[in-house]
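As structure tokens, the structure follows; a few thoughts come after it.
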Amino acid sequence: MSSNLKGLLAILATGQALTAAQSEEAFGLIMTGEATPAQIAGLLMAMRVRGETVPELTGAVRAMRKLMTVVAAPPDALDVCGTGGDGAGTLNVSTAVTFVLAGLGVTVAKHGNRALSSKTGGADVLSALGVNVDVPLSRLPEILSRCHCAFLFAPRHHAALRHAAGPRVELGTRTIFNLLGPMANPAQVTRQFTGVFDPAWARPMAETLASLGTEFCWMVHGQGLDELTLAGENQVVEARAGQIRSFTLTPEDAGLARSPISAIHGGDPAVNAAALEALLHGAPSAYRDTVLLNTAGALIVAGRTSDLREGVAQAARSLDTGAALAALDRLRQETNRQETSRQETTRQPSE
């Protein structure tokens, strides 16, 4: 049991917030196994009931980043991901955006997980598409270079979170940990296009990332989704060179027609994988237009354009020329290359 954490819990018990340094200490103790389940649950709920602050988020992210397994990546690498938790069960948008961006030569270090609050998470749909999400960590920099994209499977990079897993499950409610993952990318990216399940968290997360050195990010929320949507007005909080601004955008701003959220309703991994592959083969749909809109936003964050309509045009070219599909094919081939080699070696003696 951590006596240090007891002191920090005493501060929280009075309704006060922790400083960034105190939060970093607290989460460092949690993630190194020095806190009891009761202490962890007490801290998480004290923060949740009062409302987590930017200094508390900042300290927790610092602690998480210190303990994560880092992946070397180009300095201009981008992450596209969402917090999850919107409960909408849509098709996989940020995963599809990854391949569209890679087809344009934008390097995407995509951080993600299996389904936790949705039917099909990024790891689930990629596995269904034949991508090996458990490729040796040592190969990820090479894969990023060759494919312009790689999947950074969160549990393999953030093993320290296992110490909080039990209390989180038993609490059964949203805690600060739901906000931390998108802010602790193992490739240490400084550009992020991130969806947020609740628009109230867009600005605090943007401020946190700005304080931690992020160069450019968009935190987006669309009509209840942790991504930009065709269904109506979208909310965006931008952090760029330390400056924060908020604005809204609509599908019409990008030259796209509106469509209800139900048009991108998804299913299990096989269903979502089939839809994603059809998209990459050029199938027109609300799913395609949703991916175009989100890719356009990501291209702005990547510095490839400053205009949504131009971003949509670039994204459409990636799909229509087959470049996005080729990016998926390369990732499948590269992530399974070592496994194929071992299988051939195993078979040779009996041939």
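The values are calculated or read from the model by the stated rules, or taken from the named source; none is laboratory data. These numbers were taken from a predicted model, which means no experiment stands behind them. Methodologically, a virtual Cβ is constructed for each residue, glycine included, from the backbone with ideal geometry; neighbour enumeration extends over all protein chains shown.
Each row is one residue, and each column tells you yes or no for (1) basic (Lys, Arg); (2) under 25 Å from residue 122 (Cα atoms); (3) surrounded by fewer than 23 Cβ atoms within 10 Å (Cβ to Cβ).
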| residue | (1), (2), (3) |
| --- | --- |
| 224 | no, yes, yes |
| 227 | no, yes, no |
| 241 | no, no, yes |
| 248 | no, no, yes |
| 281 | no, yes, yes |
| 286 | no, yes, yes |
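Apart from one condition, residue 63 fits all of (1) part of a helix (DSSP H, G or I); (2) touching a residue at least 60 places away in the same chain (Cβ under 8 Å); the exception is (2).
Tell me the residue from 179, 171 that is surrounded by 22 or more Cβ atoms within 10 Å (Cβ to Cβ), more than 11 Å from residue 71 (Cα to Cα) and at pLDDT below 95, please.
Working: 171 fails: surrounded by 22 or more Cβ atoms within 10 Å (Cβ to Cβ).
Only one candidate passes the filter, namely 179.
Applying the condition of being part of a helix (DSSP H, G or I) and β-branched (Val, Ile, Thr) to the range 123-166 and asking which residue is surrounded by the most Cβ atoms within 10 Å (Cβ to Cβ) yields 125. Within the range 78-100, the residues that satisfy the criterion of being touching a Phe, Trp or Tyr at 6+ places or on another chain (Cβ under 9 Å), of a type outside the set (Ser, Thr, Tyr) and under 19 Å from residue 288 (Cα atoms) are 80, 81, 82, 91, 93, 96, 97. Residue check: residue 335 meets all listed conditions (1) outside the structural domain of residue 137 (by TED's automatic domain parsing); (2) assigned to a loop (DSSP other than H, G, I, E, B); (3) of a type in the set (Val, Ile, Thr) but one, namely (2). Give me a count of the residues in the range 13-52 that are touching a Leu at 6+ places or on another chain (Cβ under 8 Å) and either of a type outside the set (Gly, Ala, Ser) or in a loop (DSSP other than H, G, I, E, B) (or both). Final tally of qualifying residues: 16.
Would you confirm whether or not the range 279-293 contains a residue that is in the same structural domain as residue 103 (by TED's automatic domain parsing), farther than 22 Å from residue 250 by Cβ and free of Cβ contacts under 8 Å to residues at least 24 places away in the same chain? Yes, the range 279-293 contains at least one residue that is in the same structural domain as residue 103 (by TED's automatic domain parsing), farther than 22 Å from residue 250 by Cβ and free of Cβ contacts under 8 Å to residues at least 24 places away in the same chain.
Picking from residues in the range 317-334 that are in contact (Cβ under 8 Å) with a residue 24 or more places away in the chain and more than 14 Å from residue 105 (Cα to Cα), the one that is surrounded by the most Cβ atoms within 10 Å (Cβ to Cβ) is 334. Looking at the range 72-92, which of its residues are under 12 Å from residue 152 (Cα atoms), touching a Pro at 6+ places or on another chain (Cβ under 6 Å) and either in the same structural domain as residue 136 (by TED's automatic domain parsing) or not in a loop (DSSP other than H, G, I, E, B) (or both)? Within the range 72-92, just 81 meets the criteria.
Surrounded by 23 or more Cβ atoms within 10 Å (Cβ to Cβ) and modelled with pLDDT under 95, is that true of residue 98? Explain how you work it out, then say what you get.
Working: surrounded by 23 or more Cβ atoms within 10 Å (Cβ to Cβ): yes; modelled with pLDDT under 95: no.
No.
With respect to the conditions (1) over 12 Å from residue 199 (Cβ atoms); (2) touching a residue at least 12 places away in the same chain (Cβ under 8 Å); (3) not aromatic (Phe, Trp, Tyr), residue 245 lacks only one, and its number is (2). Going residue by residue through the range 102-118, is there one that turns out to be at pLDDT 95 or above, touching a strand residue (DSSP E or B) at 6+ places or on another chain (Cβ under 7 Å), more than 19 Å from residue 182 (Cα to Cα) and not in a loop (DSSP other than H, G, I, E, B)? The answer is yes, given that some residue of the range 102-118 is at pLDDT 95 or above, touching a strand residue (DSSP E or B) at 6+ places or on another chain (Cβ under 7 Å), more than 19 Å from residue 182 (Cα to Cα) and not in a loop (DSSP other than H, G, I, E, B).
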